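Okay, structure first, notes after.
Where a number appears in this text, it was derived from the coordinates with a stated rule and is not lab data. The structure displayed is predicted, hence computed values, not measured ones. Cβ placement follows ideal geometry from the backbone for every residue including glycine, while neighbour counts extend to all protein chains displayed.
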Amino acid sequence: MRILLTGQPNCGKTTLFNRLTGRQEHTGNRAGVTVSCARSRLRGTGEELVDLPGLYSFTGGGQDEQAARQAILTEDPDLILNVVDSTALVRGLTLTLQLLALRRPTAVLLNMADEARKKGIHIDAKQLASRLGVPVYAISARTGEGLDDPGRLIRDGRVSSMPVPEDQERLFRLAREIGTAVTTRAKGPERQEADRLLLHPFWGLPIFGLILGFVFLITFQWIGLWLSRGVEGLMAMLGEALSGTAVDLPVLTEGLLGSAGYVLSFLPIITVLSLLLTLLEDVGYLPRAAFLLDVWLKKLGLDGRCAVPLLLGFGCSVPAILAARSLPEYSLRRRTVWLLPFVPCSARLPFLLLLGGLLFPTRPARGALLFYGLSLLAGVIYGKLAQGDDRQSAFYVELPPLRLPRWQSVLKETEKHADHFLRRAGLILLPVAFVLWATSHVDLGFHPVQAGEESLLSALGRLLLPVLRPMGFDDWRTGVILLSGIGARETMASTAAMFLGAGLSLTWAQALVLGTVALLLPPCLGTLMTVRGELGRWEMLRMLLFQLLLAWGAGVVLHGLLHLVSLVFP
C-alpha cells in the first residue's frame, strides 16, 4: 500500500512523517523546507509512506511543487493523507478540494491542533468530515496528539463524492464558505507584536544586521572560537602524548594530527554556526529576512524569495541549491545558484581563519570576516553585472508564526551537520592528508626522501607555477593548497596547516591573495554535482570554467594592486 503525505508548505508534513516512520528528515519553520520526495515505512503497519514537497495548488509553483503534483498524478496512491494547518484552515482547504476532485481515497489531518487551541480556534471535525465526505482527524505532529493509533489514519480513508468546481474563483469561495462554517474563534486573529519591530520599514534592516552580527560574534569570537581552542589544545596534548612512544610515527603525528587534526579543531565553530542558522530557521525568522532583503536583492535581478537559499549558503551550498527548487521561475533559480559560490560556506571557515591569523595574528576572526566581505562584495558586483532584463514577478512570502525553538529538532539538525563534517573528515580529509604526506616524502621513483624540492608532490606542484606566478606565488606548495580543495574545501586548511608547519612562509599580501582566490574558485565536487543535477551538465561546466577564470583574474589584479600600493607606500 502506497500512502502519499501531501499538504501546503509549512503545514507540518515532514514533522508528521518523521513521527510516523522514525526518520529524521529536515524540518523548519518556513515554506519550502521539503524539496524532494522522501519514502519510508509506516510504524506498526509497514505501509509505504511518501512525504511530498509542499503544494499550494495544482497550478503554478517551482520545481518542488511540480514534483509534488507529478507524484500525486503518477504514483497511483492507495491513500492520500492531506495535512492541513488548523490555524489557517481556509487557505488549506483550497488544496484539499482539488485533491478530493481526483477521486482517490483520502483522509484529512488537521495538524497543529494544539496551536489552534492556544489561539482560541475551534474546528468542528465531524461537521467538516460531513461536508467533505472523507474522514477528518485533529492531530499534532509535534506533540503526538491524536497519533496513538496510526493505523486508523489509513483504515477509514475513502473517496469523496462531493462536487468540486473547476473554476478557481468558485473553488476559493467554496473553501472560504466551508472553513467559515466549521470554525469558531474565541478571539479575532492577532498579529504578532514582534513583527511590528522585525518588519519595520526603518528598524527591520538594522535588526537583521544585529542578528547576523551576533551570529558571527558567537561563532568566531565567543563560544565557537573558545571551544575550537579547547579542541586544538586536546590535539596538541595527544601529539605530545604520542611523542616518544611506540606509535610516534611521522605519518600520524605530522600527516594526520598536524593537518587533518587542525581542521577537526574547527568542528566546534562549524557546529555553532549550524546551530545558530538552524535556530533562526526554526523560530521563523528566515522568511522575515527574505521580506526585508527583497528591495536589495531586486537590484541584483533577484527578489526576496532568493534570500533563504542565499542565507542557507553560509552553512552549506548543497542544501542551499536544493532550497532554490522552490523558486518558480527557471531564470531566478539559475541566477540564485550562480550567486551561491560567492557565499562562503562553513567548510571554508578553517582555511579562512588560518589565513586570517596571518593577517591579524591576535584576531584571526577579523581576517576571516574580511574574506567574507570580499567574497560577498564580489558576488554583489557579479550579480549587478549579470542582472538580466527579464521582467520580475510580484514577490509574495508566507510569514510563518514566530515560535519558540523546538530544541529537539534544532539539535538533531545540528547533529546531522556535525556528523556530515566528521564523515567528510574520515572519507576525504584523512586520506588526502595521508596521500599529501606520503607524496611529499618520496621522489618520482618512489624512493624515500626528505620533504622538499625532490619529492613527488613538489614535481606535481611545480606544474602549476606558470599559473601561480602572475598572482605573486613562487612556491609550488601554494598551488597544492588550492588544488587540494577540489573534493572538499576543508582539505585546503589541512594542507596549508601541514605546509606551514613544514616551513612555508606567506606574507600578509600573499595570504590576502591566496584567501581571495580560494574563495572565488569553483565550489567543491559535491556542490558541482548538485548544480549538474539541478541545472544540467552544461550549466555546471560553464560555472566551473567561469569560476576558474574569475579566481585567477582576481588573484592577478589583487596582486598587482597590492604591489602598486607597496611601491607608493614602501
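Of the peptides 482-490, 114-122, 301-309, 434-442, the order by per-residue mean of other Cβ atoms within 10 Å, starting with the highest, comes out as 301-309, 482-490, 434-442, 114-122.
Restricting to the chain, what percent of DSSP beta bridges are antiparallel, rounded to 5? The answer is about 35 percent antiparallel. Evaluated at q = 0.06, 0.09, 0.12 Å⁻¹, the base-10 log of the normalised Debye intensity for the chain, with identical point scatterers placed on the Cα atoms, takes the values -0.37, -0.76, -1.17. The distance from the alpha carbon centre of segment 120-144 to that of segment 69-98 is 14 Å, rounded to a whole number. Checked against a 27 Å cut-off, the cross-linked pairs 13/126; 13/412; 13/118; 126/412 give Cα-Cα distances beyond that limit for 126/412.
Close amide H contacts of residue 442 (hydrogens built in the peptide plane, cut-off under 5 Å, sequence separation of 5 or more or a different chain): 449, 456, 457. Note on residue 403/residue 557: beta-carbon distance plugged into 1/(1 + (r/R0)^6) with R0 of 30 Å gives a FRET efficiency of 0.05.
Taken along the Cα-to-beta-carbon direction at a fixed 7 Å, the label points for residue 158 and residue 24 span 4.1 nm.
Taking other Cβ atoms within 10 Å as a rough exposure proxy, 5, 422, 457, 227 sort from fewest to most as 422, 227, 457, 5. Taking the square roots of five times each eigenvalue of the Cα gyration tensor of segment 2-185, the equivalent ellipsoid has semi-axes of 22, 19, 16 Å, listed largest first. Relative to the longest principal axis of the Cα atoms of the chain, helix 330-339 runs at roughly 30 degrees. Stretching residue 41 away from residue 376 to a fully extended chain increases their span by 116.3 nm, per 0.36 nm per residue minus the current alpha-carbon distance. Arranged from fewest to most other beta-carbon atoms within 10 Å of their beta carbon, 299, 412 become 299, 412. If you wrap the Cα atoms of segment 39-138 in a convex hull and average its projected area over all directions, you get 7.1 nm². The modelled label-to-label distance for the pair residue 385/residue 465, using points 7 Å beyond Cα in the direction of Cβ, is 3.1 nm. Looking at segment 2-185, the DSSP beta bridges with both ends there are about 35 percent antiparallel.
Report note on the peptides 325-333, 402-410: ranked by the mean count of other C-beta atoms within 10 Å, highest first, their order is 325-333, 402-410. The order of the peptides 350-358, 551-559 by mean Cβ neighbours within 10 Å, most packed first, is 350-358, 551-559. For the chain, the mean residue ellipticity at 222 nm estimated from helices alone is -17000 deg cm²/dmol, where every DSSP H run of n ≥ 4 contributes -39500 (n - 2.57) and the total is divided by all residues, rounded to the nearest 500.
In percent, rounded to a whole number, the relative contact order of segment 2-185 is 22, using alpha-carbon pairs under 8 Å and six or more apart.
Ordered by the count of other Cβ atoms within 10 Å of each Cβ, fewest first, 269, 178, 211 give 211, 178, 269. Note on residue 505 and residue 295: their simple-model spin labels are 5.2 nm apart, each label 7 Å out from Cα toward Cβ. With an 8 Å Cα cut-off and a minimum separation of 6 or more residues, compute the relative contact order for the chain in percent. Result for the chain is 12 percent.
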